[in-house]
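The values are calculated or read from the model by the stated rules, or taken from the named source; none is laboratory data. Just so we're clear, the structure is a prediction, and the values are computed from it rather than from any experiment. Every residue, glycine among them, receives a Cβ derived from its backbone with ideal geometry; neighbour counts consider all protein chains shown.
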Amino acid sequence: MNLDQLKQLVGEAARDEVLKLPAGQVLGVGTGSTANCFIDALAAHKGHFSGVVSSSNATTERLLKHGFRVLDPNAVGVLPAYVDGADEIDPAGYMIKGGGGALTREKIIASMAKQFICICDASKQVPVLGGFSLPVEIIPISKGIVAQELAKLGGTVSLRMAKATHTDLGQNLGQPFVTDNGGWILDIAGLQIKNPPALESQINQMAGVITVGLFAKEKADILLVSNASGVSRISFQ
Ligand code: 5RP
């Protein structure tokens, strides 16, 4: 099975998982290629939910194309669940997210949900977070000072630049990658994150930081993970 098939498989498993929720509620929807598989799988059953809230402009566009009712997060209350992928997930359900740059809205929607259902293929499971560079969304004028502070954590800090693959999302090649919120992203490579809750708090305190892509407070409650033999369900609750 190739990576695309593994993502499709777990997207379908997530569809089955959320269809067990009572009908008529609002669902939170994540961002990325795995979340896209979930959206595509859920499209035929969209009437089960009264609406959805989206974690990025890209996800909103895809949801609208499928005819989902996309609601303003300010107009809804507690969500029964938020479904999203991850760049890495550890044995406690702590995650690195933001490889696609949507970390801030993802964390906001996750914080509105009773449960975070993480969906990924088994390559995302790691014993210790940090192999994937940790994204930090910042206010652009704070780049100098925040980069200096982040470097003290021991990793190598770099400003995320727009690549050719980002140009169809309205990004300018060779310029800093700009988030849906107008922020920039600093990526920290080479960390070994032994205490995710402590590091999340520490980075959150830095002036100029909008969001760190470490999901410790908003960790996964359930993990659906696919490999060649199928999908496993792990509960962290
Ligand atoms: C986007 C994210 C994604 O959830 C994460 O990057 C995983 O993406 P993919 O499913 O494409 O591997 O955090 O900001």
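Quick one: count up the residues across the range 99-118 that are under 10 Å from the mean Cα position of the chain (by Cα) and basic (Lys, Arg).
2
Say whether the condition of being in contact with a Cys (Cβ under 7 Å, 6 or more places away or on another chain) and either within 15 Å of the ligand (Cβ to nearest atom) or assigned to a loop (DSSP other than H, G, I, E, B) (or both) is met by at least one residue in the range 25-38. Can you show your working first?
First, pick out the residues of the range 25-38 that are in contact with a Cys (Cβ under 7 Å, 6 or more places away or on another chain): 34.
With either within 15 Å of the ligand (Cβ to nearest atom) or assigned to a loop (DSSP other than H, G, I, E, B) (or both) added as a condition, the list becomes 34.
Checking the range 25-38: at least one residue is in contact with a Cys (Cβ under 7 Å, 6 or more places away or on another chain) and either within 15 Å of the ligand (Cβ to nearest atom) or assigned to a loop (DSSP other than H, G, I, E, B) (or both).
Condition check ((1) surrounded by fewer than 19 Cβ atoms within 10 Å (Cβ to Cβ); (2) modelled with pLDDT under 95; (3) outside the structural domain of Glu88 (by TED's automatic domain parsing)) across all residues:
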{"position": "Gly174", "(1), (2), (3)": "yes, yes, yes"}
{"position": "Asn204", "(1), (2), (3)": "yes, no, yes"}
{"position": "Val225", "(1), (2), (3)": "no, no, no"}
{"position": "Gly230", "(1), (2), (3)": "yes, no, no"}
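One residue is enough: does the range 212-223 have a residue meeting the conditions buried (at least 19 other Cβ atoms within 10 Å of the Cβ), β-branched (Val, Ile, Thr) and more than 28 Å from Gln8 (Cβ to Cβ)?
yes
If the requirement is being surrounded by 15 or more Cβ atoms within 10 Å (Cβ to Cβ), away from the ligand (no atom under 15 Å from the Cβ), touching a residue at least 40 places away in the same chain (Cβ under 8 Å) and hydrophobic (A, V, I, L, M, F, W, C), which of these qualifies: Val83, Val76?
On the way: Val83 fails: away from the ligand (no atom under 15 Å from the Cβ).
Going through Val83, Val76 in turn, just one is surrounded by 15 or more Cβ atoms within 10 Å (Cβ to Cβ), away from the ligand (no atom under 15 Å from the Cβ), touching a residue at least 40 places away in the same chain (Cβ under 8 Å) and hydrophobic (A, V, I, L, M, F, W, C): Val76.
May I ask you to verify whether Glu137 is within 16 Å of the ligand (Cβ to nearest atom), acidic (Asp, Glu) and in a helix (DSSP H, G or I)? Give the derivation first.
Values: within 16 Å of the ligand (Cβ to nearest atom): yes; acidic (Asp, Glu): yes; in a helix (DSSP H, G or I): no.
No: the conditions fail for Glu137.
Restricting attention to the range 189-237, which residues are within 30 Å of Met1 (Cβ to Cβ), over 19 Å from the mean Cα position of the chain (by Cα) and not in a loop (DSSP other than H, G, I, E, B)?
Within the range 189-237, Asn227, Gly230, Val231, Ser232 qualify.
Please determine, by comparing only the residues of the range 90-118 that are over 28 Å from Pro176 (Cβ atoms) and touching a helix residue (DSSP H, G or I) at 6+ places or on another chain (Cβ under 9 Å), which one is nearest to the ligand (Cβ to nearest atom).
Within the range 90-118, the first condition is being over 28 Å from Pro176 (Cβ atoms), and the residues that meet it are 90-93, 112-118.
Add one more test, that the residue is touching a helix residue (DSSP H, G or I) at 6+ places or on another chain (Cβ under 9 Å), and what stays is 90, 92, 112, 116-118.
Details: Asp90: 15, Ala92: 18, Met112: 17, Phe116: 11, Ile117: 12, Cys118: 9 Å.
Taking the candidates together, the pick is Cys118.
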